[in-house]
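A short reminder: the numbers here are calculations on the coordinates, not readings from a lab. Small disclaimer: the values here were computed from a predicted structure and weren't measured. Here the Cβ positions follow ideal geometry from the backbone for every residue, glycine too, while neighbour counts run over all protein chains shown.
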Amino acid sequence: NYEDYEGFKRLVDTAKNIVVLTGAGISAESGIPVFRGAGGLWRKYKSENLASPDAFASNPALVWEFYNYRRHIAFNASPNKAHISLADYEKKCKKENRNLSIVTQNVDGLHLRAGSEKVVELHGALRKVSCTNGTCENVEENYDDPIVPAFANRGDASLDQADLPVIDRKDLPKCKKCGSLARPYIVWFGEMLDPDVLEEAQLLVGGCDLCLVIGTSSVVYPAAMFAPSVAQRGVPVAEFNLEEHPADSDFAFHFPGLCATTLPKALGLQ
Ligand code: NAD
């Protein structure tokens, strides 16, 4: 049902347990680059290749510079109308004794900053860091050390010395508890999700009676299987994306276009 706003509105206004799955596309209009497609390069690197344990093991300074750049962008960005409409709709649900939860692959924190309360961050968060020392495992919830400002913003693919990290190894972020090297609290490609977080997401997804899937290319597992698993149960899924995807044919609703426009309209909040 392409762009069946009325049909969707009837469902969303009566659903008891709404789950919203979000990916990088919901933050694109806040100016945060997505990983795939245009804007997916940082300096000369594919973002996907820096968000990996191998990259961090071989060149932690380079990976930290990439994350300093991402932190700089995310912390200076503002939630857009898509984030805000989800937060507003959650409040409306609460008053009506209904639930809306967000399960996000994003690490930018914009759902929380928009005022959403029930948010499962599947892949970690840019505001957090964790210790690399296996016996410490400390997680800083709000890592506030200053970002090296001169370089934070240089995500420029044409930068000549792209291979030369600028932060000295000795100046890399340290665990505040034990002094070991700290790393971004992010689930990198090839790493496992926190089992408790995954279980929480699976419970929400398994118990929903309506699912929205917004701005994800649905290629990163396990998040990619959530919406198809809901559709297989016969529960309606509504996709909001610029593009169509192969999995889409099972979904009940499609709202093509920029989600900061389509989502507030679909929720009746514009
Ligand atoms: P992705 O980059 O693979 O795909 C983005 C999707 O959003 C695409 O399907 C694109 O068509 C769609 N899109 C782009 N702009 C849109 C808009 N304005 N409205 C609607 N749809 C739009 O993102 P992904 O599927 O989330 O996977 C990327 C992985 O990288 C995730 O694991 C995530 O943790 C991480 N990541 C996070 C952020 C962030 O926190 N903002 C940014 C980049 C990557």
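Relative to the longest principal Cα axis of the chain, at what angle does helix 195-206 sit, 0 to 90 degrees, rounded to 10? So the inclination is approximately 20 degrees.
Rounded to the nearest whole Hz, the Karplus-based 3J(HN,Hα) values (6.51 cos²θ - 1.76 cosθ + 1.60, θ = phi - 60°) of segment 19-25 follow the sequence 10, 10, 9, 10, x, 3, x, with x at glycine and proline. If I take R0 = 30 Å and measure r between the Cβ atoms of Lys174 and Val219 in this structure, what FRET efficiency does the formula 1/(1 + (r/R0)^6) give, to the nearest 0.05? Once rounded, the FRET efficiency stands at 0.30. Using alpha-carbon positions, what is the distance between the centroids of segment 178-256 and segment 50-100, in Å? Taking the Cα centre of each part, segment 178-256 and segment 50-100 sit 15 Å apart.
A protection proxy built from the mean count of other Cβ atoms within 10 Å ranks the segments 45-51, 79-85, most packed first, as 79-85, 45-51.
Counting Lys and Arg as +1 and Asp and Glu as -1, each charge on the Cβ, what is the dipole of the chain about the Cα centre in debye, to the nearest 20?
On the way: 28 positive and 35 negative charges, 119 e Å.
Taking the Cα centre of the chain as origin, the dipole is about 580 debye.
Annotation note: GluC sites (Glu not before Pro) in segment 206-245 located in DSSP loop regions with a Cβ neighbour count of at most 13 within 10 Å are Glu243, Glu244. Working note: Karplus 6.51/-1.76/1.60 with θ = phi - 60° gives segment 50-67 the couplings 8, 7, 8, x, 5, 4, 5, 5, 8, 8, x, 5, 5, 5, 5, 5, 4, 6 Hz, where Gly and Pro are set to x. Using equal-weight Cα scatterers in the Debye expression, the normalised intensity of segment 5-150 in log10 at q = 0.11, 0.13 Å⁻¹ is -0.51, -0.68. Each Lys or Arg adds one and each Asp or Glu subtracts one; over the other residues with Cβ under 11 Å from the Cβ of Thr22, this totals -2.
What ranking of Thr135, Thr216, Thr14, Thr22 emerges when the number of other C-beta atoms within 10 Å of each C-beta is taken as an exposure proxy, fewest first?
Values: Thr135 7, Thr216 25, Thr14 11, Thr22 28.
Taking fewest neighbouring Cβ atoms as first place, the list is Thr135, Thr14, Thr216, Thr22.
Across the chain the C-alpha pair distances fall into 5 Å bins from zero in the proportions 1, 6, 12, 17, 18, 15, 11, 9, 6, 3, 1, 0 percent.
On full extension of the chain, what length is gained from Phe75 through Lys95, given 0.36 nm per residue of separation minus the C-alpha to C-alpha distance?
On the way: separation 20, 0.36 × 20 = 7.20 nm, distance 3.07 nm.
So the extension gain works out to 4.1 nm.
Amide H contacts of Leu212 (H built 1.01 Å from N, in plane; Pro and chain starts excluded): Val19, Val20, Leu21, Ala238 sit under 5 Å, all sequence-distant by 5 or more or on other chains. Taken one residue at a time, the phi angles of segment 87-93 give Karplus couplings (6.51, -1.76, 1.60, θ = phi - 60°) of 5, 5, 5, 4, 5, 4, 4 Hz. Gly and Pro are set to x.
From most to least packed by mean Cβ count within 10 Å, the peptides 91-97, 223-229, 178-184 give 223-229, 178-184, 91-97.
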